[in-house]
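Undergrad: Take this structure, written in structure tokens, and hold onto it; I'll ask about it next.
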Amino acid sequence: YNGAVETYEFKISKKSVSVSWNVGSYTYTGNVLTNPTASITLVAGTNYELIVTTTNEFKNAGTYTFTASTDDTSILNNYEISNASKDVTVEKGSVVITDFAIEGWTYGDTANAPTATTNFGSIVYSYATSPDGEDTSTVPTNAGTYYVKATVLGTDNYNGAVETYEFKISKKSVS
């Protein structure tokens, strides 16, 4: 009886796993935002958190491509990871103008300056004789009803805004 040895070559294929992304809703705030997270399920009920990166600072309005990866060689050697990149959009922020006011004055007195605050950008004030009238940077001096507009121009990161406030320059009493 002679023994025999046969050799068979076989291959164990990598198991396919798809990245699960946890992506929130993102709006420009002026601050760096928190990256989305990503994980893969290797065994039912066991999630493995991945490293999530992007090439640009995650702050400004626009679209970012994130990549999920791992440096764990046992995962890299045994799993084929799909859906490893994700596009995430940061929407433009909204300008909010608050505490907008101006106190009227009497003809001939020193003009009062408008005040307001904003969450983004710089406020530019202009004046008009009606709410939709032609704007001018010149402060009115004659008695009457006027409108001051607080304007913040939009940018790539936030939409602009305009608020209007009515005020009066009273007639001066003469005796």
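The values are calculated or read from the model by the stated rules, or taken from the named source; none is laboratory data. All of these numbers come straight from a predicted model, not from anything done at the bench. So basically every Cβ, Gly included, is an ideal-geometry build from the backbone, and we count neighbours across all protein chains shown. Remember, those area values only see protein heavy atoms, side chains included, never the ligands or the DNA or RNA. Shrake-Rupley method; radii C 1.70, N 1.55, O 1.52, S 1.80 Å.
Undergrad: Give ILE40, ILE51 a once-over and let me know the one that is over 18 Å from ASN157 (Cα atoms) and surrounded by 17 or more Cβ atoms within 10 Å (Cβ to Cβ). Break it down into steps so the answer makes sense when it comes.
TA: Values: ILE51 fails: surrounded by 17 or more Cβ atoms within 10 Å (Cβ to Cβ).
ILE40 is the lone residue from the list that is over 18 Å from ASN157 (Cα atoms) and surrounded by 17 or more Cβ atoms within 10 Å (Cβ to Cβ).
Undergrad: When you check GLY133 against the structure, is it modelled with pLDDT of 95 or more, closer than 23 Å to THR106 by Cβ and out of contact with any Gly (no Cβ under 9 Å at 6 or more places or on another chain), yes or no? It would help to see each step written out before you state the result.
TA: Details: modelled with pLDDT of 95 or more: no; closer than 23 Å to THR106 by Cβ: yes; out of contact with any Gly (no Cβ under 9 Å at 6 or more places or on another chain): yes.
No, not satisfied.
Undergrad: Still on this structure, please answer the following. Restricting attention to the stretch 65-104, which residues are of a type in the set (A, V, I, L, M, F, W, C) and either exposed (fewer than 15 other Cβ atoms within 10 Å of the Cβ) or part of a loop (DSSP other than H, G, I, E, B) (or both)? Walk me through how you get there before you give the answer.
TA: Filtering the stretch 65-104 for residues of a type in the set (A, V, I, L, M, F, W, C) gives 66, 68, 75-76, 81, 84, 88, 90, 95-97, 100-102.
Matches in the stretch 65-104: LEU76, ALA84, VAL95, VAL96, ALA101, ILE102.
Undergrad: What are the pairs with Cβ atoms under 8 angstrom where one residue, in the stretch 85-101, is closer than 14 Å to VAL148 by Cα and of a type in the set (A, V, I, L, M) and the other, located anywhere, is open to solvent by less than 70 Å² (accessible area, probe 1.4 Å) and part of a strand (DSSP E or B)? Sequence gap at least six, or different chains.
TA: That search, which allows pairs on different chains as well, returns ILE97/ALA116; ILE97/THR117; ILE97/THR118; ILE97/ALA150; ILE97/VAL152; ILE97/ALA161; ALA101/ALA116.
Undergrad: Enumerate the pairs (first residue in the stretch 128-141 and closer than 13 Å to THR164 by Cα; second residue anywhere and open to solvent by 90 Å² or more (accessible area, probe 1.4 Å) and charged (D, E, K, R)) with beta-carbon separation below 9 Å, excluding pairs fewer than 6 apart on the same chain, so at least 6 apart or on different chains.
TA: ALA128/GLU134; PRO131/GLU166
Undergrad: Please count how many residues of the stretch 125-155 are among the aliphatic types (A, V, I, L, M) and over 22 Å from LYS168 (Cβ atoms).
TA: 2
Undergrad: With respect to VAL124, determine if the residue is open to solvent by less than 30 Å² (accessible area, probe 1.4 Å) and not polar (S, T, N, Q).
TA: On the way: open to solvent by less than 30 Å² (accessible area, probe 1.4 Å): no; not polar (S, T, N, Q): yes.
Here the answer is no, as VAL124 does not meet what is asked.
Undergrad: Would you pick out the residues in the stretch 132-175 that are surrounded by fewer than 18 Cβ atoms within 10 Å (Cβ to Cβ), within 28 Å of THR89 (Cβ to Cβ) and hydroxyl-bearing (Ser, Thr, Tyr)?
TA: If the condition is that a residue be surrounded by fewer than 18 Cβ atoms within 10 Å (Cβ to Cβ), within 28 Å of THR89 (Cβ to Cβ) and hydroxyl-bearing (Ser, Thr, Tyr), then THR155 is the only one that fits.
Undergrad: Within the stretch 25-37, track down each residue that is under 17 Å from GLU91 (Cβ atoms) and surrounded by 10 or more Cβ atoms within 10 Å (Cβ to Cβ).
TA: Pass one, the stretch 25-37, residues under 17 Å from GLU91 (Cβ atoms): 25-36.
The answer is TYR26, THR27, TYR28, THR29, GLY30, VAL32, LEU33, ASN35, PRO36.
Undergrad: Does any residue in the stretch 62-78 that is under 27 Å from LEU33 (Cα atoms) come within less than 6 Å, Cβ to Cβ, of a residue that is open to solvent by 60 Å² or more (accessible area, probe 1.4 Å) six or more places away or on a different chain, and which pairs are these?
TA: THR63/ASP87; THR63/THR89; THR65/SER85; THR65/ASP87; PHE66/LYS86; THR67/THR53; THR67/SER85; SER69/ILE51
Residue-by-condition table, conditions (1) at pLDDT below 95; (2) open to solvent by 50 Å² or more (accessible area, probe 1.4 Å); (3) more than 30 Å from GLY160 (Cα to Cα):
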{"residue": "PHE10", "(1), (2), (3)": "yes, yes, yes"}
{"residue": "THR46", "(1), (2), (3)": "yes, yes, yes"}
{"residue": "ASN56", "(1), (2), (3)": "yes, yes, no"}
{"residue": "LYS59", "(1), (2), (3)": "no, yes, no"}
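Undergrad: May I ask you to verify whether THR118 is open to solvent by 40 Å² or more (accessible area, probe 1.4 Å) and under 20 Å from TYR147 (Cβ atoms)?
TA: Numbers: open to solvent by 40 Å² or more (accessible area, probe 1.4 Å): yes; under 20 Å from TYR147 (Cβ atoms): yes.
The answer is yes for THR118.
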